[in-house]
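Contents: one structure, followed by commentary.
The values are calculated or read from the model by the stated rules, or taken from the named source; none is laboratory data. Bear in mind the structure is a predicted one, so any value in this text is a computation, not a measurement. Quick reminder, even Gly has a Cβ in these numbers, built from the backbone with ideal geometry, and neighbours come from all protein chains shown.
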Amino acid sequence: MERILIIEDEQKIARFIQLELNHEGYEVEIASDGRDGLELLKLRPFDLVLLDIMLPSINGFEVLRRLRLTSSIAVIMLTAKDDVIDKVMGLDGGADDYITKPFAIEELLARIRMALRKQKTSQSSRLQYKNLSVDVEQHKVNIDQTEIELTKKEFDLLVILLQNRNKVCTRESLLVKVWGYTYDGTTNVVDVYINHLRTKIEIDASKVIHTIRGVGYVIKDE
């Protein structure tokens, strides 16, 4: 079941949207201000955010800016202002779509379906772990939007570990998948490249790749 977060301070509107989305089979939570919305996004995974612009504590543009530092989640902006400048700011800031109040619920549902389809398509070529993002097609790695240069083997190792997140990848399997030959019990090439990779992506002593002694390596959710 896909999970949607509504960040909207007008409770009647938020509750109405929640009921309609529940009826369509979505799991929905509501945050009434920007600060609470950001906290919920840290605590639980969501597939899409419906984000109002005029919010107490932190406005929608700032919520979007902070969210885009670490996440590529689908975002649809909601606003009562039919202002071209606001639309441009939202879309340039990383929003996937924009809808003006009042809106027909059928249109909102269609835009949600479209954004989720787009997200699923892009996720197949993009991997995310905390502030680390990998674009598989473009062969790019970014940490907090700063590009990190990796060799071909380092990149392939990282992609395999991310694709198997929370699952231990043995040295044998990594050797076969990245180098294409069987582990004979003597080579330490996997360990050497893992160390190279760690020096590049584990910034400020932030642990990304965990060693499972005698077995292999894993990237796991904390």
Exercise. Of the residues that make up the range 116-126, is at least one surrounded by 12 or more Cβ atoms within 10 Å (Cβ to Cβ), at pLDDT 90 or above and hydrophobic (A, V, I, L, M, F, W, C)?
Worked result: yes
Exercise. Given the structure, is Leu109 in contact with a Leu (Cβ under 9 Å, 6 or more places away or on another chain) and not assigned by TED's automatic domain parsing to the domain that holds Met77?
Worked result: no
For this session: May I ask you to verify whether Ile112 is assigned to a helix (DSSP H, G or I) and within 13 Å of Val49 (Cα to Cα)?
Result: yes
For this session: Answer yes or no: is there a residue in the range 5-27 that is in contact with a strand residue (DSSP E or B) (Cβ under 6 Å, 6 or more places away or on another chain), in a loop (DSSP other than H, G, I, E, B) and under 24 Å from Asp221 (Cβ atoms).
Result: yes
Seminar exercise, completed: Pairs returned, first residue in the range 43-64 that is free of Cβ contacts under 8 Å to residues at least 40 places away in the same chain, second residue that is of a type in the set (Lys, Arg) and part of a loop (DSSP other than H, G, I, E, B), beta-carbon separation under 9 angstrom, 6 or more apart or interchain, are Ile53/Lys81
Exercise. Of Leu21, Leu41, Leu50, which residue is surrounded by 13 or more Cβ atoms within 10 Å (Cβ to Cβ), within 23 Å of Asp135 (Cβ to Cβ), touching a helix residue (DSSP H, G or I) at 6+ places or on another chain (Cβ under 9 Å) and not polar (S, T, N, Q)?
Worked result: Leu41
